[in-house]
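Here is the structure we will look at.
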Amino acid sequence: MTILGIDPGTAIVGYAVVAKNERTGDPILIDAGSIQPEAREQGERLKSVRKHLLQLLDIHSPNIIALEKIFFSKNIRTALAVAEARGVFLLTAAERSIKVCEYTPGEVKMAVTGYGKADKRQVKDMARLILKQAALPALDDITDAIAIALTALQANKDGK
């Protein structure tokens, strides 16, 4: 099973592809990075995000796309822009018949660290240990995507 984890956004979209090592059953990090559209206009940003998403889907053929659910309290404008980006991910997954799993930040923290109120550093450290990596990318959007993908891998460990 291959999972594409996405930390949704419009200025920066973090992504990570994880799978299980067939021999050991351990999670492995296949790819991770960010999509950073240069366009200022929202429609053009979404178009760029979709183009990159389609490339990732063609390269990795994930069984599942895992997304973080939006939780916001302060900036409604930012939340709406992220919701629009999530729409692109959901539509593209539906067009490709790819299962989508969505997780709250608390669910991701609980799955990766065992503590639903862990801070970003704790999540990053545990993700690094789970993946047996010397280091993970510095950009929070990427490490968030890794944690989201690991959450989906754990939640779908029976292949469903």
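The values are calculated or read from the model by the stated rules, or taken from the named source; none is laboratory data. Because the structure is predicted, anything quoted here is derived from the model rather than measured. Glycine gets a Cβ as well: all are built from the backbone with ideal geometry, and neighbour counts include every protein chain shown. For the accessible areas, the whole protein counts, side chains as well, though only heavy atoms, and no ligand, DNA or RNA atoms are used. Shrake-Rupley method; radii C 1.70, N 1.55, O 1.52, S 1.80 Å.
Is there a residue in the stretch 101-123 that is within 18 Å of Ser34 (Cβ to Cβ), surrounded by 14 or more Cβ atoms within 10 Å (Cβ to Cβ) and of a type in the set (Gly, Ala, Ser)? Steps first, please.
Step one: filter the stretch 101-123 for residues within 18 Å of Ser34 (Cβ to Cβ), giving 108, 120, 123.
Applying the additional criterion that residues be surrounded by 14 or more Cβ atoms within 10 Å (Cβ to Cβ) yields 108, 123.
Filter once more, keeping what is of a type in the set (Gly, Ala, Ser): none.
No, that holds for no residue.
For the stretch 12-25, filtered to residues that are exposed (fewer than 15 other Cβ atoms within 10 Å of the Cβ) and either within 18 Å of His60 (Cα to Cα) or at pLDDT 95 or above (or both), the residue that is farthest from the chain's Cα centre (by Cα) is Glu22.
Which members of the stretch 26-44 meet the condition of being open to solvent by less than 50 Å² (accessible area, probe 1.4 Å) and assigned to a helix (DSSP H, G or I)?
Let us first name the residues in the stretch 26-44 that are open to solvent by less than 50 Å² (accessible area, probe 1.4 Å), namely 27, 29, 31-35, 37, 39, 42-43.
Passing the criteria: Gln42, Gly43.
The set of residues in the stretch 145-160 being open to solvent by 30 Å² or more (accessible area, probe 1.4 Å) and either without any contact (Cβ under 8 Å) to a residue 12 or more places away in the chain or of a type outside the set (A, V, I, L, M, F, W, C) (or both) consists of Gln154, Lys157, Asp158, Gly159, Lys160.
Looking at Lys69, Lys51 in this structure, which one is open to solvent by 20 Å² or more (accessible area, probe 1.4 Å) and within 20 Å of Pro105 (Cα to Cα)?
Details: Lys51 fails: within 20 Å of Pro105 (Cα to Cα).
Result of the check over Lys69, Lys51: Lys69.
Pro62 meets all of the listed conditions (1) more than 13 Å from Asp144 (Cα to Cα); (2) buried (at least 18 other Cβ atoms within 10 Å of the Cβ); (3) in contact with a Phe, Trp or Tyr (Cβ under 8 Å, 6 or more places away or on another chain) but one, namely (3).
Among the listed residues Ala81, Ala138, Ala94, Ala85, which satisfies the condition of being over 20 Å from Ala19 (Cα atoms), in a helix (DSSP H, G or I) and out of contact with any helix residue (DSSP H, G or I) (no Cβ under 7 Å at 6 or more places or on another chain)?
Numbers: Ala81 fails: out of contact with any helix residue (DSSP H, G or I) (no Cβ under 7 Å at 6 or more places or on another chain); Ala138 fails: in a helix (DSSP H, G or I); Ala85 fails: out of contact with any helix residue (DSSP H, G or I) (no Cβ under 7 Å at 6 or more places or on another chain).
Matching residue, one of Ala81, Ala138, Ala94, Ala85: Ala94.
All conditions in (1) at pLDDT below 95; (2) within 19 Å of Thr143 (Cβ to Cβ) hold for Ala79, with the sole exception of (2).
When Gly9 is tested against (1) under 22 Å from Val108 (Cα atoms); (2) surrounded by 17 or more Cβ atoms within 10 Å (Cβ to Cβ); (3) in contact with a strand residue (DSSP E or B) (Cβ under 6 Å, 6 or more places away or on another chain), exactly one condition is not met: (3). Just give me the residues in the stretch 104-137 being free of Cβ contacts under 8 Å to residues at least 12 places away in the same chain and under 15 Å from the mean Cα position of the chain (by Cα), in sequence order. Correct list: Gly106 only.
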